[in-house]
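The block underneath contains the structure these notes are about, expressed in structure tokens.
The values are calculated or read from the model by the stated rules, or taken from the named source; none is laboratory data. Quantities reported herein were computed from a predicted structural model and do not represent experimental measurements. Don't worry about glycine lacking a Cβ; one is built from the backbone with ideal geometry, like all the others, and counts go over all protein chains shown. Remember, those area values only see protein heavy atoms, side chains included, never the ligands or the DNA or RNA. Shrake-Rupley method; radii C 1.70, N 1.55, O 1.52, S 1.80 Å.
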Amino acid sequence: MTRDLGVLAAAVYRSQHNHLRVLDVMTGCGVRALRYVVESKADWVWANDGNLEHRPLVEANLAQSLSPHQYHLSFVSAREVFAQCQQQQQRFDWVDIDAFGSPAAHLAGGLAATRMGGYLYLTATDGKSLAGQNSRRSLGQFNAYARYHPAKHEQGLRILIGLAMQQAQLQHLSLGPVLSFFCGKTYRVLLKLQPVGRHADQDCGFLGYCHHCGQYTRVDWRSLPQAQCLAHPYERPLVISGPMWLGPLHHPPTLKAMQEQALAWDWPRQVSLLDIMQAEAPLPPFYYPLAEIGRRGRMDIPNRDRLIQALQNQGYAASRTSVAAQAIKSSAPLSEIVVAARRVISG
């Protein structure tokens, strides 16, 4: 699904700008680079992989479907690719960094290789660090302190975005999230490079979680010394994660265009996923697993769709989340969600 989303977004970029030059820094077997040309209609792709043993396979995969003028192959480190881009002043519409672990070491090079208005597509696979199971490592790999809580995988996406934004600000640039997706152990975020804005960091901050009542709180860096659980002030300390991106995970207009492309290609699963992404985009930066709601209310797990409908009937915003199938996002406090869940269960 992560490849499908990338291909859809790249196809939308190509249709809107009439050009698409792709740098696939860690191409693996070359299939992703191939799809950018065949499906997204990229004009040209540079496919690179650091493992020279992949050369016969990548060459065979690309030569089978592409003309020589449509691609360039190399088998060097990502660092060498970015150095070459800088020396030759090459900029790409789309830079794909499908890194293992953390992409932190490649962010400066990736930003420098992306044209203004272009897209940077990042991968992280260090789930333990991003989910708060190894907080010391998260600080070293992602420049953020991640703590464990029920919405840990959305936290991972937000920390990854925050890491990229910190690097962009060092270069007097800014990044805007286009889409964010978690699947299995993989975190993928697509970011648009843009000039630095006046309030580029206004949606960056910290996320507080109270293990006692289960409620989340957004915490601005200025408020860190006074951070406390609103339900139990001065009694229950908050678990603080961050810094991270706390704004929307997706850009709804782009998702809408991607959805139209998915309909044209007859991709129903992707259409459904993009529906969920559009619905969750404006909601708070966390979610509540249904199992956690049941545990908090000491009851059976409520039906997800009926619970969402019940919350909407009460005037709250609520939706499914693309991050976890058995979870919901809502503007309602957890206490109200539990009450609504009891009503759903009781019929």
task: Starting from the stretch 174-203, take each residue that is modelled with pLDDT of 95 or more and list its partners that are of a type in the set (F, W, Y) and assigned to a strand (DSSP E or B), counting only C-beta distances under 6 angstrom and pairs at least six apart or across chains.
output: R188/F181; L190/Y119; L190/Y121; K192/Y119
message: So the check is Cβ under 7 Å with 6+ separation or different chains; which pairs have a first residue in the stretch 4-15 that's over 13 Å from E260 (Cα atoms) and a second one that's of a type in the set (F, W, Y) and surrounded by fewer than 23 Cβ atoms within 10 Å (Cβ to Cβ)?
response: D4/W267
query: G347 versus (1) touching a helix residue (DSSP H, G or I) at 6+ places or on another chain (Cβ under 9 Å); (2) at pLDDT below 95: which is the lone unmet condition?
result: (1)
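One line per residue, one yes/no per condition, for (1) open to solvent by less than 60 Å² (accessible area, probe 1.4 Å); (2) out of contact with any Lys or Arg (no Cβ under 9 Å at 6 or more places or on another chain):
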site	(1), (2)
S67	yes, yes
Y71	yes, yes
E80	no, yes
Q90	yes, no
D93	yes, no
message: Quick test for you: out of Q326, Q309, pick the one residue that is open to solvent by 70 Å² or more (accessible area, probe 1.4 Å) and within 24 Å of A131 (Cα to Cα).
response: Q326
message: Anything in the stretch 45-65 that is open to solvent by 50 Å² or more (accessible area, probe 1.4 Å) and outside any loop (DSSP other than H, G, I, E, B)? List them, or say none.
response: L52, E53, H54, R55, P56, L57, E59, A60, A63, Q64, S65
message: If I ask for residues that are of a type in the set (A, V, I, L, M, F, W, C) and either within 25 Å of the chain's Cα centre (by Cα) or at pLDDT 95 or above (or both), which ones from the stretch 42-56 would you list?
response: A42, W44, V45, W46, A47
statement: Only one of (1) at pLDDT 95 or above; (2) open to solvent by 40 Å² or more (accessible area, probe 1.4 Å) does not apply to M1, and that is (1)
query: Right, P248: within 18 Å of the chain's Cα centre (by Cα), not in a helix (DSSP H, G or I) and not basic (K, R) or not?
result: yes
query: Across the stretch 329-345, what is the number of residues that are open to solvent by less than 10 Å² (accessible area, probe 1.4 Å) and of a type in the set (G, A, S)?
result: 4
message: Looking at R296, R306 in this structure, which one is assigned to a helix (DSSP H, G or I), touching a residue at least 40 places away in the same chain (Cβ under 8 Å) and more than 24 Å from K185 (Cβ to Cβ)?
response: R296
field: Long-range neighbours under 6 Å by Cβ, at least six apart or interchain, first residue within 10 Å of T27 (Cα to Cα) within the stretch 47-64, second part of a helix (DSSP H, G or I) and not aromatic (F, W, Y)
entry: A47/A33; N48/V81
task: Mind counting the residues in the stretch 34-44 that are assigned to a helix (DSSP H, G or I) and of a type outside the set (V, I, T)?
output: 3
query: Quick one: would you say V271 is under 24 Å from M1 (Cα atoms), in contact with a strand residue (DSSP E or B) (Cβ under 9 Å, 6 or more places away or on another chain) and at pLDDT 95 or above?
result: no
task: Output the residue which, of all residues in the stretch 270-299 that are open to solvent by 50 Å² or more (accessible area, probe 1.4 Å) and closer than 15 Å to I337 by Cβ, is nearest to the chain's Cα centre (by Cα).
output: A291
query: Do any residues in the stretch 329-344 that are aliphatic (A, V, I, L, M) have Cβ atoms under 7 Å from those of residues that are open to solvent by 60 Å² or more (accessible area, probe 1.4 Å), where the two are at least six apart or on different chains, and which pairs are they?
result: A332/Y316; A340/Q314; V344/N303; V344/R306
- prompt: Restricting attention to the stretch 18-33, which residues are over 23 Å from the mean Cα position of the chain (by Cα), at pLDDT 95 or above and either not polar (S, T, N, Q) or not in a loop (DSSP other than H, G, I, E, B) (or both)?
  reply: H19
message: Please return the ranges of strands (runs of 3 or more DSSP E) entirely within the stretch 105-210 where 1 or more residues are open to solvent by 40 Å² or more (accessible area, probe 1.4 Å).
response: 114-124, 173-183, 186-195
